[in-house]
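Report on the structure given below.
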Amino acid sequence: MALSKEIYSVFEDVVGPENMCDDPVIMPSYFGKDFAAVILPKDTKQVQAVVKLCNKYKLKFRPICTGWKGEFPQGIILLDLRRMNRIIEINEKNMYAVVEPYVISAQLQAELMKRGFHFNVKGAGTNTAAMLRGHGHLDQTTSGDDRNHLAIEWVTPEGNIVRSGSLGSTDEWFSGDGPGPSLRSILTSAVPPGSTPGVFTKGAVKIYHWPGPSRFPAQGVSPNITLSEIPPNFMARYYSFPSLDKMMQAEFKIGESEIAFELMGFNIAMVASNMTVNNEEDEEVFRQLKKESQGVGFFIIIAGNCAADFEYKKKVLKHIINETEGKSLESIEKDPRNEGILLHNCIRICASIRETFRSGGRFASIPSMGQRDLTVRWAVGAGKAKRSLIEKGLVVDDEGAFFGWGVEQGHLGKTEIFCRYDPVKPEAEEAVLKWKAEQQKRASDEHYFAMLWGPEDEIGKGLCNYQSWWSKLKKAIDPNGVALEAGSLV
Amino acid sequence: MSLEQYQDHMEMCMRCSCCKFIPMQRVQGHKYTYVCPSITKYNFHSYSGGGRLNIGLAMLKNGFNYTDKLLDIVYNCQMCGACGVSCNYAMDMEVMEPISEFRIKCVADGKTNPALEKVITGLRKQGSMVPVTGKRGDWASGLNLKNAVKEKVDVLYHVGCLTSYDKDMQRLAKATVKILQKAGVNFGIAGDNETCCGGRAYQMGYEQDFLNQAKKNMAMIKKAGVKTVVTSCADGYQAFKVLYDKFNLKGDLEVLHISEFVDKLIKDGKLKPREKVDLSVTYHDPCRLGRLGEPWIHWKGKRLSKSFVFDPPKEYRRGTHGVYEPPRDVLKSIPGVKLTEMTRIKEYAWCCGAGGGVNESNPEFAQWTARERIEEAESTGAEAIVTACPWCEKTFNETIKGNGSGLKVYDIVELVEKTI
Amino acid sequence: MIEKERLVTIVGPDKVINEPQVLQAYSQDMSFVNPVRPACVVTPNKADEVQKIIQLANDTQTPLVPVSSGPPHFRGDTVPGIGGAVIVDLSQMKKVVFVDRARRVAMVEPGVTFSELIPAVNKEGLRLNMPLLPRKSKSVAGSILEREPVIMPKYQWDISDPLACAGLFFGTGDEFRTGQAAGPGTLEEQWAVGGVQKAPYGPGTGSWHRIIQGAQGTMGIVTWVSMRCEILPSLEEPFVVGSSNLNSLLELTSWLIRLRNVNECFILNNTNLAAIFAKKYPADYQNLKDSLPAWTLFYNLAGYEYFPEERISAYIKEIDDLTQRLRIEAVKTVGGVSANDILKAVQQPSGEPYWKLRYKGACQDIFFLTIYDKLEGQIGIMNNLADKAGYGASNLGIYIQPVVQGTSCHCEFNLFFDSGNPIELDRVKTLSASATKELMARGAFFSRPYGENAGMIVNRDAATAAVLNKMKNIFDPNHVMNPGKAGF
């Protein structure tokens, strides 16, 4: 729905004509939706001004960062935060970094590594927003979800600027909570469904010690990037196990012994995708790795702060693997090239796209965060159901695998199962969506975890009717109803 | 090929935004991570590689709606290929081909840019992509060079439009011939018979005009019996080596860029870099010598049903086999030259700004792009930026004049000329 | 106002108390808030009783003040802010619902104290991430809900840790469970498939546990909490580092936490260390204090199941490199206090009398969050103010606790005083207010606003306060929950 000339020019006055567009021709690149306009604000003040105008003219709006995913109704104002791309601060002593929404993880990670730090890069990939709430390969030692955020600068749906925690009181970013109860209860920037209305214009994230080199010794020409050497005190392995139980035992022991820098519950199919540079090679390597594998498994990176630490961790790992009858994949252990590739890709998180989209162009997933062993039990059933889709040739064959990992040394966890399929085949998409709906319902009916997508009233019923509280909150902070939930901040 | 034939590739685009950045493995910090000049300047996703695919796909499905904004998006692109390289580190799909086909379709449907129309009119009349003054072979007067059309030579030196006609760039041609003479190469030029390779016309979307030029050039080459073409223009290199091959016009012709040729001559001992050239430099990879200069891969096959896998396996051109090391080896062989690399190099180099018709249709954007590159070059501490394409050099020089930078600009042949 | 009879029908006659001496005890605490006598005290045993009390309070516009710890109280949050209040004392709800070794989680009712829970978790090979020497009567749930700093910053990934989930009733009387506990299913149904209420986020996108933490009972009443536990080490090796140079100790601290080498880790000044370990006052205390360096960093290295000696040995090597660089030394004893004594002490609640009260009988705490770079300056300011006020900087107890894996520091000044001495009382009260104001101006973040300074603290950030007030109006629209507290 087009804005009137008058209203259009009022917005244009704020950001300049080159930073606003309502031409239908750009909309296919913005999710194919017919937005009222796409606006590119450059800073918090411009965001505030735009939001206030949206309130004045009762126009709904949504922000995006790189904008990989999202749910967007027609006719709204889309705030593309691309111009807000600065790293504001890196506090090394107190270990946090402050970023604007369009700083991608690759940029922040590279800057941090120069200084001996890194941070939680989301599994979606290093090409996504650093500020994103989410999970990733590195959760074991860098936490996940909303637990990495400290202070957040938030333009509320009404256009007020709220600076949470210490930021509002002392102009420092080290705490996002208080005074009193914490606004981080609602300041979460998840991908839909459900995320904080308004716009996050800056956020502080925790950073963590990086025992590796200031720059990865990457060599080669894209896409064949390898490491010229395995960095000192680093080791990467993939272990398969004779049973899911054994694997989970190993996973828990590794968590409790705090030896893993990264523990990524890849399945073999994902390892193959990650390592290889095209689909054909992917299939070939998958076949090869399957031969070496005895069952489910995980990928692990050991990183020592010093040689003694490294030796200790390796010793413990060996012990645990022996105890749980794990078997190391020779293609990684005996081939430093492969070890290096995985080490690099699984720390820089630059190969997620290979694992998910390359083969078929589309994938549908059911992620679950929380209690690892519980979600694994559910995933076993979902995997069994996936096999029938594989047999019918509707999804890429990964043997019905699921994946996941421990978070915070195994205190929490993440389990995900996805289907990769060909977007050109409507029957594939239909079957996958049906499988997804059935398995989510089963998760809910059998009390594993809640359905993530669906009518909020339906989902909320089984979850202490949280949606009614959320809806009241939304009304209170967005009286004009202009701030749709935060869209995609991926 | 046509746009329709790339529909399934366009459908593979997941809007991951990798096309806006250098390949993720290469990111070394906050700065110098953007790789696409178009979206870096214009910011709307539509200007990115992925955005162009999204729009192309939508128009295939819903019909073509040529608005001013669409044409602004289409023509404000240097067709530099960086988006495809970044995408293809992870994805198996064509990016530059559908983008190119989209532009070709715009031209075929009469949706052209007036500035480019003017250039192509000149091409059709005079066989040149730059304004013509005098004769094409005038730069060689008094040099007594062999006429490759009339005499038997081993190597045809294709000079290129800009180098032939631009008074400032003619020195590159002269330096090149000096080098070839010093190495004792049996070479000749086509002189006034030389005509534009057609490469820039293709970039601009004028496929038929490109094909006309290509056929003219190949006819001349066949008549002359030349087996090897050497050029000092990256556009020319890509035209002869890649585009002519793509359209099955190249045959067995060996195509070398002067940097490759010089590298070989030095390694074979036929050229000896003797004189010291005290200069700290950084090297700019021209798009069409680097990522877009890699050989064409002819492939025919079918897509297997269950995934995006082909039979026979489809090999993608990911920018990996361009000419990267030879110019570097040449620079390293010059005594006194100290090479420091920029952050964005090789297959993920930042474009100079001149390609795709942008130099003609939007000089301000071209110069903005060049300014970004100059700044990156200056950040290395180098005294000079060296490149291997006269269009890059011209754009850098114009930009430096405008912003008062002290950075010097050299073509690689200029430094080789100094050292031999 | 609720009539007593209506409360009796909910909790029974024994659980509704009107005796004047009891009401007197609840009308004040060790803080400087004005005493306000409650109307009565109820001591429910079950969650549904709590719900009914809240519903009744809404019907009758009766303020409720939730209390879960036993006395003495220090923060003013358990003293009614308004007349006619009913104290809801949950300290009799003492069930340890479960302790789960494999998933490292325990669930308790609000009345369970540290003394009661520690043996229960130890039995399962687990331990708690505790605050520093809580008083014997301190409720575990209370401590967690107050966001009290914990002494193992390595295991505090988020400021809300060690809280996992909570069961509560909002000020509206509606039941809610946070995090994984929300569902699907009842707690029993979740347990039946192996769910243990561990994941704190959700339900939905909200992290609801964060709205009840730090709220001082102004949003609702919690009837159980689950918390993450850590594994009991199989081997421990504590150390102390004494120095007059706080900066060196902070530098070492930041590295110890960054490298994740240490479990317990905190800094105490000589005043506080002496206050904890002195056996007699004042002589023993003074002698001990004089024997101690100005600052003592305490840290503990731990090994678990696999090769604990080697693990600790590797850490020691690494720490040696750090201490050498900083020209300080990790030792086993400073002054008259050994690292082992400290370790033994801090893995339990405080002995009786509560360590903060031993010296003078009363104590006022001033605490805030800050970052390393600002800390010395803020301590300097406090010292000046203490001297100016006649309190004397050398009498200040100081406790520095890195929190949330070192992203900030809890800094606490403990002002010991004789509450029976009106001059001392007045001095400390005035100093507390002026110090809070001055420290706030210098970057101290008072994230937990208590007592009469709460208003000043909250008003500094009007934008946040505005949103919190909106939330308060949703969860407690009739403002029955502890009115006047937490800045509301």
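Each value in this text was obtained by applying a stated rule to the coordinates, not by laboratory testing. Bear in mind that the values here come from a model prediction, so they are computed numbers and not experimental data. Note that we place each Cβ from the backbone using ideal geometry, even for glycine, and neighbour counts take in every protein chain shown.
Eigenvalues of the Cα gyration tensor times 5, then square-rooted: what semi-axes does that give for the range C:235-346, in whole angstrom, largest first?
On the way: eigenvalues 130, 53, 19 Å².
They are 25, 16, 10 Å, listed from largest to smallest.
Shown in residue order for the range C:475-484 are the 3J(HN,Hα) couplings computed by the Karplus curve 6.51 cos²θ - 1.76 cosθ + 1.60 at θ = phi - 60°: 7, 9, x, 8, 6, 8, 7, 6, x, x Hz (x for Gly and Pro). Converting phi to 3J(HN,Hα) with the Karplus coefficients 6.51, -1.76 and 1.60 and the offset θ = phi - 60°, the range B:36-49 yields 9, x, 5, 6, 4, 7, 9, 6, 6, 4, 4, 7, 7, x Hz in sequence order, with x at every glycine or proline.
In deg cm²/dmol, rounded to 500, what helix-only [θ] at 222 nm does chain A give when every DSSP H run of at least 4 residues adds -39500 (n - 2.57) and the total is split over its residues?
Details: 16 runs with 176 residues, N = 490.
So the calculated ellipticity at 222 nm is -11000 deg cm²/dmol.
Set against the 2.2 N^0.38 Å expectation for a compact globular protein, the range A:5-83 has a Cα radius of gyration ratio of 0.99. Proximity of backbone amide H atoms, modeled 1.01 Å from N, is registered between C:I398 and C:N269, C:T271, C:N272, C:N414 at under 5 Å, excluding neighbours fewer than 5 places apart on the same chain.
Computed from point charges on the beta carbon alone (+1 for Lys and Arg, -1 for Asp and Glu), the dipole magnitude for the range B:75-152 about its Cα centre is near 640 Debye. Would you please calculate the Kirkwood hydrodynamic radius of the range B:139-296 over all C-alpha pairs and express it in Å, rounded to one decimal? In the range B:139-296 this quantity evaluates to 16.1 Å.
Cysteines in chain B that lack a partner Cβ within the 4.7 Å cut-off: B:C13, B:C16, B:C18, B:C36, B:C77, B:C87, B:C106, B:C161, B:C196, B:C197, B:C233.
The equivalent ellipsoid of the range A:87-209 has semi-axes of 22, 17, 13 Å, largest first, where each one is the square root of 5 times an eigenvalue of the Cα gyration tensor.
For GluC sites (Glu not before Pro), the sites in the range C:1-56 that DSSP calls loop and that have at most 14 other Cβ atoms within 10 Å are C:E3. Cross-linked pairs C:K52/C:K136; C:K136/C:K356; B:K125/B:K215; B:K276/B:K418: Cα-Cα separations exceed 20 Å for C:K52/C:K136.
Along the axis of the charge dipole computed for the range A:1-121 (Cβ charges of +1 for Lys and Arg, -1 for Asp and Glu, origin at the Cα centre), the listed residues A:V38, A:Q48, A:A97 are led at the positive end by A:A97. When shorter helices are ignored and each DSSP H run of at least 4 residues is given -39500 (n - 2.57), the per-residue value for chain B at 222 nm works out to -12000 deg cm²/dmol.
Answer rounded, prolate or oblate for the range A:143-202, using the Cα gyration tensor with square roots of eigenvalues a ≥ b ≥ c: rounded when a/c is under 1.5, else prolate when a/b is larger than b/c, else oblate.
Numbers: a/c = 1.86, a/b = 1.19, b/c = 1.57.
Judged from the Cα gyration tensor, the range A:143-202 comes out oblate (a/c at least 1.5, b/c at or above a/b).
For B:E383, nonlocal amide neighbours, meaning residues 5 or more places apart or on other chains whose placed amide H falls under 5 Å from its own, are B:S280, B:V281. Shape of the range C:18-104 from the C-alpha gyration tensor: oblate (a/c of 1.5 or more and a/b not above b/c, with a ≥ b ≥ c the square roots of its eigenvalues). Here's how it looks for C:D461: its modeled amide H is under 5 Å from none belonging to a residue 5 or more places away or on a different chain. Rounded, prolate or oblate: pick one for chain C, where a ≥ b ≥ c are the square roots of the eigenvalues of its C-alpha gyration tensor, a/c under 1.5 means rounded, and failing that, prolate if a/b is larger than b/c, else oblate. Oblate shape, in that a/c is at least 1.5 and b/c is the bigger or equal ratio.
Taking the helices alone, chain C has a mean residue ellipticity at 222 nm of -10500 deg cm²/dmol, built from -39,500 (n - 2.57) per DSSP H run of at least 4 residues and averaged over all its residues. GNM on chain B, alpha-carbon springs under 10 angstrom: the most fluctuating residue among B:G319, B:G225, B:G251 is B:G251. Remark: the B:A219-B:Y66 segment gains 51.4 nm on full extension, using 0.36 nm per residue and subtracting the alpha carbon distance.
Mind checking the dipole of the range A:87-209: about its Cα centre, +1 per Lys or Arg Cβ, -1 per Asp or Glu Cβ, Debye to the nearest 20?
Working: 10 positive and 12 negative charges, 50 e Å.
The calculated dipole for the range A:87-209 is roughly 240 debye.
Looking at the range A:1-103, the trypsin sites (Lys or Arg not before Pro) that sit in a DSSP loop and have at most 13 other Cβ atoms within 10 Å of their own Cβ are A:K58. Remark: B:F102, B:F247, C:F74 ranked as B:F247, C:F74, B:F102, counting other beta-carbon atoms within 10 Å and listing the fewest first.
Computed from phi, the 3J(HN,Hα) profile of the range C:53-64 under the Karplus parametrisation 6.51, -1.76, 1.60 (θ = phi - 60°) reads 4, 5, 4, 5, 4, 5, 4, 10, 6, 9, x, 10 Hz, with x in place of Gly and Pro.
Over all directions, how big on average is the projection of the convex hull of the alpha-carbon atoms in the protein assembly as shown, in square nanometres? Please list the in-between numbers first.
Values: hull surface 209.9 nm².
Answer in nm², one decimal: 52.5.
When A:R237, A:R62 are arranged by Cβ crowding within 10 Å, least crowded first, meaning fewest neighbours, the order is A:R237, A:R62.
Cross-link partners of A:K45 among aspartates and glutamates, defined as those whose alpha carbon lies under 14 angstrom from its own and excluding same-chain residues fewer than eight positions apart: A:D13, A:E100, A:E153, A:E158.
Arranged by the count of other C-beta atoms within 10 angstrom, fewest first, what order do B:T67, A:T188 take? Mind dumping the intermediate values first?
Numbers: B:T67 13, A:T188 23.
The most exposed by this proxy come first: B:T67, A:T188.
Give me the net charge for the shell around C:Q286: Cβ to Cβ below 14 angstrom, other residues only, Lys and Arg +1, Asp and Glu -1. Could you put the intermediate results ahead of the total?
Numbers: positive: C:K279, C:K280, C:K289, C:R358, C:K360; negative: C:D284, C:D290.
Here the charged neighbours net out to +3.
Legend: mean number of C-beta atoms from other chains within 10 angstrom of residue C-beta atoms, peptide B:90-96, equals 6.
Can you tell me which of C:38-48, A:431-441 comes out highest on packing, and rank the rest after it, using the mean Cβ neighbours within 10 Å?
Values: C:38-48: 20.0, A:431-441: 16.8.
Descending mean neighbour count gives C:38-48, A:431-441.
Looking at the range B:291-388, which chymotrypsin sites (Phe, Trp or Tyr not before Pro) are DSSP coil and have at most 14 other C-beta atoms within 10 Å of their C-beta? Mind dumping the intermediate values first?
Working: sites: B:W296, B:W299, B:F308, B:F310, B:Y316, B:Y324, B:Y348, B:W350, B:F365, B:W368; in loops: B:W296, B:W299, B:F308, B:Y316, B:Y324, B:W350.
Answer by residue number: B:W299.
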